[in-house]
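Contents: one structure, followed by commentary.
What follows is calculated from the coordinates using simple rules that are stated; it is not laboratory data. Keep in mind that this is a model prediction, so the values were computed, not measured. A quick note on method: Cβ atoms are made from the backbone with ideal geometry, for glycine too, and the neighbour counts reach across all protein chains shown.
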Amino acid sequence: MFKHVARLGVSINMHPTAPLNMHGLDQRPLIPGMAFLLDTSMATVRLIMSGLFEEAPSLQLIVPHTGGFVPYIRGRVERLIDAWTPPAGWPSLSQPAHNFFGKIYVDTVAHSPEALTYCYQQYGAEKLLYGTDHPFAHFDVYNEMVDNLACSEAERELINQGNAKRLLRL
């Protein structure tokens, strides 16, 4: 399906759900607060490890919730993937994992200015989109975080609408 989406030249927003292993995630704040991020992160890393971005280099994958935990674990996981000897059925990547992590797009649903700043530093304005399914509450808080992000007005324009217009062909 991902390869077909890439051939069509359209983007895909990979929204999470609760992970299959819900052990310890038995209270409501833990599910959207952590489980969605875990699901997003696991799916993103496994897609990179699967070689998908080599097979479909034009894939435009949007990873919501600022990419889950990916921006924060990226360096560690990149090094582990690069040193990994894949088992039978898994491809060996021909490029450093860093190149593939840099291909994803993330949104601004950070819930803190510091987290949004870190994602901006990791991905740049060209890979950051204003909330892809959020904010559905507390609009003023999320708007303020983007408005106060230490970036140029041209970059803020990309984040607020330019990237979405380009990816969604609007």
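Cα centroids of the range 109-170 and the range 41-84: how far apart, whole angstrom?
20 Å
Subtracting the Cα-Cα distance from 0.36 nm times the residue separation, let me have the gained length for L25 to K103 in nm, one decimal.
25.0 nm
Please state, as a whole number in µm²/s, the translational diffusion coefficient that the Stokes-Einstein equation yields for the range 2-167 at 20 °C and 1.002 mPa s, with Rh defined as the Kirkwood radius across alpha carbon pairs.
The diffusion coefficient I find is 129 µm²/s.
When the chain is modelled as a GNM with alpha-carbon springs shorter than 10 Å, which of H15, H98, H138 fluctuates the most?
Most flexible of the set in this elastic network: H138.
Ranked by Cβ crowding within 10 angstrom, fewest neighbours first, how are R79, R46, R74, R156 ordered?
Lowest to highest Cβ neighbour count: R46, R79, R156, R74.
How high is the FRET efficiency between Q161 and L80 when r is their beta carbon distance and R₀ equals 30 Å, given to the nearest 0.05?
Efficiency, rounded to the nearest 0.05: 0.25.
So which DSSP H runs in the chain come out at 18 Å plus along the axis (Cα) with average Kyte-Doolittle of at least 1.0?
Length and hydropathy pass: 36-49.
Can you compute the helix-only [θ] at 222 nm over the chain? Use -39500 (n - 2.57) per DSSP H run of at least 4 residues, normalise by all residues, nearest 500 deg cm²/dmol.
-12000 deg cm²/dmol
I want to check the label-to-label distance for Q95 and H138. Put each point 7 Å from Cα in the C-beta direction and report it in nm to one decimal.
3.6 nm
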